[in-house]
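A.B. asks: Starting off with a structure, shown below.
Nothing in this text is a laboratory measurement; each read-out follows from the coordinates by a stated rule. Predicted, not measured: the structure shown is a model, and the values here were computed from it. Glycine also receives a Cβ, built like all others from the backbone with ideal geometry; neighbour counts cover every protein chain displayed.
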Amino acid sequence: MTGRARRPTTLAFRLSLRLAMVMGFALVIQTGLVAWEYGRDREELARAALTHDFEIIAAVLRTGAPGRPSLDLPADLDQRYRRHSAAYGVEIVDADGRVTGAVNPHLFPDDRFLAGPHLDMAWDVDTIDGRVRRILTRGIATPYGRVVVRIAFLDDPAYVWARVLLEEIADHVAGPLLPTTALVLAVALWVVRRGLAPVRT
């Protein structure tokens with residue numbers, strides 16, 4: 001018993017396939033360029049990683065009930081801070097310089113930190129035993145008054161920067177380029193088939 005004869009591919013199909021491959025290759029190149037552009041500035045990437053944690057913590061603080069500020073981290077963030085206690089830390093400081101909540105406070109300098117009523121943001125970088133310590137300090141308004149959130153990273157063993165980089169790629173490639181690429185490809189395929197209709201006939 002002989003199998004069914006394979007139907008030969010049409011010219012339109014071959015051209016469409018090659019066009020799709022070219023569009024896919026262009027998308028990969030664009031993704032690589034975005035990854036390189038954001039990944040080459042490690043300090044800016046580190047700042048984005050600390051800001052990532054700050055935004056999560058600030059959202060928790062802004063929705064808290066009036067009273068004494070407390071630090072109730074989301075489960076995934078709390079797990080990372082507990083697991084890497086020598087790398088990630090956070091503390092909440094009120095206007096009088098009192099620490100009202102903290103996780104791994106030993107990662108911060110020993111000298112007393114004064115929040116100040118007008119402090120908006122500060123960025124500090126130093127080195128401890130060959131490891132880079134970065135501290136992001138930002139003031140926010142909460143239901144219990146204005147407080148300052150301080151986040152410390154000693155290096156980044158959990159690769160938060162990689163997650164931030166992937167989010168940047170998703171925002172600047174997957175978001176705007178994928179729909180555009182799909183639309184352009186669909187139009188191009190339609191043009192190819194229409195253009196080859198007389199040849200097919």
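A.B. asks: Pulled fully out, how much extra length does the chain show between ILE29 and TYR159, if you take 0.36 nm times their separation in residues and subtract their Cα-Cα distance?
C.D. replies: Values: separation 130, 0.36 × 130 = 46.80 nm, distance 2.39 nm.
Gain on stretching ILE29 to TYR159: 44.4 nm.
A.B. asks: Hey, any idea what the orientation-averaged projected area of the convex hull of region 94-151's Cα atoms comes to, in nm²? Mind showing how you got there, number by number?
C.D. replies: Values: hull surface 16.6 nm².
Over every viewing direction, the Cα hull of region 94-151 projects on average to 4.1 nm².
A.B. asks: Please give the FRET efficiency for LEU19 paired with ILE140, using the beta carbon to beta carbon distance and R0 = 41 Å, rounded to the nearest 0.05. Spell out each step's value before the answer.
C.D. replies: Numbers: r = 50 Å, r/R0 = 1.23.
So the FRET efficiency works out to roughly 0.25.
A.B. asks: Give me the one-decimal nm value for the distance between modelled label points at ALA86 and ILE128, 7 Å along each residue's Cα-to-Cβ direction.
C.D. replies: Placing both labels 7 Å beyond Cα along the Cβ direction yields 1.1 nm.
A.B. asks: Still on this structure, I have one more. Distance in nm between label sites at LEU196 and ARG40, each 7 Å beyond Cα in the beta-carbon direction?
C.D. replies: Placing both labels 7 Å along Cα→Cβ, they lie 4.0 nm apart.
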